[in-house]
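Reading through the C-alpha cells given below for one structure.
The values are calculated or read from the model by the stated rules, or taken from the named source; none is laboratory data. None of the values given here were measured: they were computed from a predicted structure. All Cβ positions, glycine included, derive from the backbone under ideal geometry; neighbour counts span all protein chains shown. What goes into the accessible areas is simple: the full protein's heavy atoms, side chains included, and nothing from ligands, DNA or RNA. Shrake-Rupley method; radii C 1.70, N 1.55, O 1.52, S 1.80 Å.
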Amino acid sequence: VRMAAILHAARAGTRRAPVGAAAALARRFSTAPAMDKLIIFDTTLRDGEQSPGATLTGKEKLLIARMLCRLGVDVCEAGFPIASDGDYEAVKEIALQIGPITEGRIAPMRICGLARANFKDIDRCYDAVRHAPLSRIHTFLASSDIHLEHKLNITRAECISKAVAAVRHARQMCDDIEFSPEDAGRSDRAFLVDLCDAVVEAGATTLNIPDTVGYTVPEEYAGLIAYLKKNCKRSSEVIFSTHCHNDLGLATANTLAAVQAGARQVEVTLNSLGERAGNSSLEEVVMAVRTRPSYYPYHVDIDTTQILRASKMVSLYTGIPVQPNKAIVGANAFAHEAGIHQHGVLKHAATYEIMTPESVGAESDLVLGKHSGKAAFKRKLQQLGYTEIAADETQLALLVQEFKTVADQKKQVTDADIEAILADRMAIPAASDSWTFHSLQLNAGTDGKDRVRATATVALIDAAGTEHVEAAIGSGPVEATFKAINRIVKVPVNLVQYSVNAVTGGKDALGGVLVHIQPRDPENLTDEISEVAEVTRAAKNKRLPVYTGHGTSADIIVASALSYTSALNKLIALGDKVNPLKVSVSSDSTDRILDGK
C-alpha cells in the first residue's frame, strides 16, 4: 500500500491516491505558502517572438497575453517597445487590457518591457508599461569582455557607469527595475559582482543573470548564481533570476540547477521559443518543480491544466509546430506504443507516467456537431481559454457561421478543429486585412507527358469591399492558385516553406496549411508584372523577416489559398514597421511596390 501511494504521489497528477497515502500526498502538487515562491517570468512575446518566422500581430499578442494571465504567469515581458511602433502599441494594449485582470489570480500579472541601457529606450518602455497596475522596466547591458571590446567598444568602468545611469533613470519612473548583464555566463565573476553591486545601489530590484549564448553547463551556471549571492553586498535585498538559452540543449537543466542555488525567478517561454535554439521551457520548468518537490521545494502559481492550451495557441499563431516528442506538450508526451509499456500503463498508469495527462490539460477532446448552437460553441470557447472572443458578439457570430460550415462537412468538430478555425480567422484584426479570400475555381489534369497542368480562378475582396478576380496556370493546383493571388495582390514574395497537416483524424479531417513567405529583394526585381506573379521558391534569407500564414479547410487547396492570403496580409500590415523593406500596396497600380530601405 505504501509503495502504491508513493507511485501515485510521484505522478503528481489529479487522480485519487490510495487510502493511507497521507504521508505521500506532500509530494503532490502544492501551493503551500510556507514554501518559497518561484516567480515565473514569461518572455514568449519578446524573446520568443525573436524566433525566425515567429512575427506576431498586435491582436495575436493580446490573445496570447490573456492566455498567459489565465495560466498564472507572474511577469509577462510583453515586448521591446523601442523596436517598432507596432511593438510599442502591443505592449501598451497588453498593459491596458490584460494588466488589470485579477479574475482567478492572486494578484494582477506584472507587465514588463525590455529596454537597452539608454534613456530613450527606457522612456519609451515606461510609456508603454505604465498603464498596468503592476509594471516593470527590464534594462540590459553586455558585461563580457568579448562584447565590451568587439560590440560596444567600451571599458569595464564605462560599462558600470552606463548601467548605473540607466537603472537610476528607470527607478525615477518605476519602482520595479530588472537589470541583466548580457552574456553573464562568459563574464568575469569579480567584475560581475562589481557591476551587480553598482546597479543594486542605483535601484535595481531584480538581477537577471543571462546565459545569453547557451554556453554554460548546469554545475557551472549554478555555481555562478551561488557566487553572486555570496559575494554581492546586498544580495539578500534583490531577487536573482535565470535566463538560459538552449544552444547546447541545457537550458532547462541550467535553470533548475540555478533554482537550487538560490535563484527565485526563472525567465522562460512556451514551447521553448526564442533566439537560435530557444529558451528554457515554461512547461518543463514548472512541471519539474511540481513533479519533484523533494528536489525543488518551491511553489508556483501556474494553473498547469492550461499549459497544453497555451502551447497550442502559441504554436498556431507563431506558425512554429511543436515537435511530437517535446516534453510535456508534444503529441507523444503521453503516448505509449511499445507493448510492454502499454501493458504496464493499463495495469497501473504510474508504471510509465510520472504525471497525469490531465495535469497539463491533455484531456480527451469534447466534440460538437452541426446541431450544436451558439451557446454550446460559446461555452466551448470559454473552456479553451478564449474568453475575450467568446464575449465579443460580433466575432462570435462570424465564428459560429464558420463552425457550422465545418460541421456540415464533418460529423464531429473537435477542440483541435475549433482552435484551427480560431487560428485561421483571428490571426489578423479585420480592420488591417488588405485582402479577404472569397472564392476559388479549379480545373486540373495531365498532358500527354503525364505532367499536371492546372488553371485556377481566384476572387479576393480588398479593404474597400471591391472584388478582384484573376486566373493563372500552374504546374499544379496549389501553384496555379498562388500565382492567381499574386496577380491580384502584386506583392513579390518568395515561398520559403509550405506544409500540410491533418488537424484531426478521419477521412473528413480538416486540413491545415502553413506557409512561410519573405519579401523578394528589390535589387533582384524588374518591373515586369509577370515576374511578380510567379511563385518563386527560395531558401530563407536571414537578412529579411519571415511572415507566416495559416489556413484551415476541408479542402486542402482552399486551405492553401487562405494561408497564402493570411501571410500576405501580415507582410502588408507589418512590413513598414518591422521590415527592412518598406511595403505599400495599391490595387489599381502596376508599379513596383518594394523599395529598399
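Peptides 36-47, 491-502 ranked from most to least packed, by the mean per-residue count of other Cβ atoms within 10 Å: 36-47, 491-502. If the chain linking Glu393 and Asp85 were pulled fully straight, counting 0.36 nm for each residue of separation and taking away their Cα-Cα distance, it would gain 107.9 nm. Within the full protein context, the accessible area of Asp194 is estimated at about 90 Å² for a probe radius of 1.4 Å.
Report the local net charge at Pro477: Lys and Arg +1, Asp and Glu -1, summed over other residues whose C-beta lies under 12 Å from its C-beta.
Details: positive: Arg453, Lys483; negative: Glu479, Asp555.
Local net charge: 0.
Summing charges over neighbours of Lys37, with a neighbour being any other residue whose Cβ is under 10 Å away from its Cβ, gives -2 when K and R count +1 and D and E count -1. Amide H to amide H distances under 5 Å link His245 with Asp211, Gly214, where only residues 5 or more positions off or on other chains count and H is placed in the peptide plane.
When the charge dipole of the range 94-245 is built from unit charges on Cβ atoms (+1 for Lys and Arg, -1 for Asp and Glu) and taken about the Cα centre, the candidate among Cys196, Ser180, Phe119 whose Cα reaches farthest toward its positive end is Phe119.
On a C-alpha basis, how far is the centre of the range 107-162 from the centre of the range 164-220 in Å? Whole number, if you could? Centre-to-centre distance over Cα atoms comes out at 10 Å.
In the complete set of protein chains, residue-level accessible area for Cys174 is approximately 10 Å², probe 1.4 angstrom. On the beta carbon distance between Ala502 and Met173, with R0 = 60 Å, the FRET formula returns roughly 0.75.
Among the listed pairs Lys61/Lys380; Lys370/Lys490; Lys59/Lys312; Lys37/Lys380; Lys37/Lys233; Lys404/Lys490, those whose Cα-Cα separation exceeds 28 Å are Lys370/Lys490; Lys37/Lys380; Lys404/Lys490.
Applying 0.36 nm per residue to the separation of His438 and Gln323 and subtracting their alpha-carbon distance, the gain on full extension is 38.1 nm.
Measuring between their Cα centroids, the range 458-480 and the range 270-292 lie 42 Å from each other. Extension gain, Lys233-Ser161: 0.36 nm per intervening residue step, less the Cα-Cα distance, totals 24.1 nm.
Which FRET efficiency, nearest 0.05, do Ala375 and Tyr298 yield, Cβ-Cβ r, R0 41 Å?
Step by step, r from the Cβ atoms, then E = 0.50.
What number comes out for the charge environment of Gly223, summing +1 per Lys or Arg and -1 per Asp or Glu over other residues with Cβ under 13 Å away? Local charge sum for Gly223: 0. Put simply, when 557-565, 254-262, 220-228, 377-385 are sorted by average Cβ atoms within 10 angstrom per residue, most first, you get 557-565, 254-262, 220-228, 377-385.
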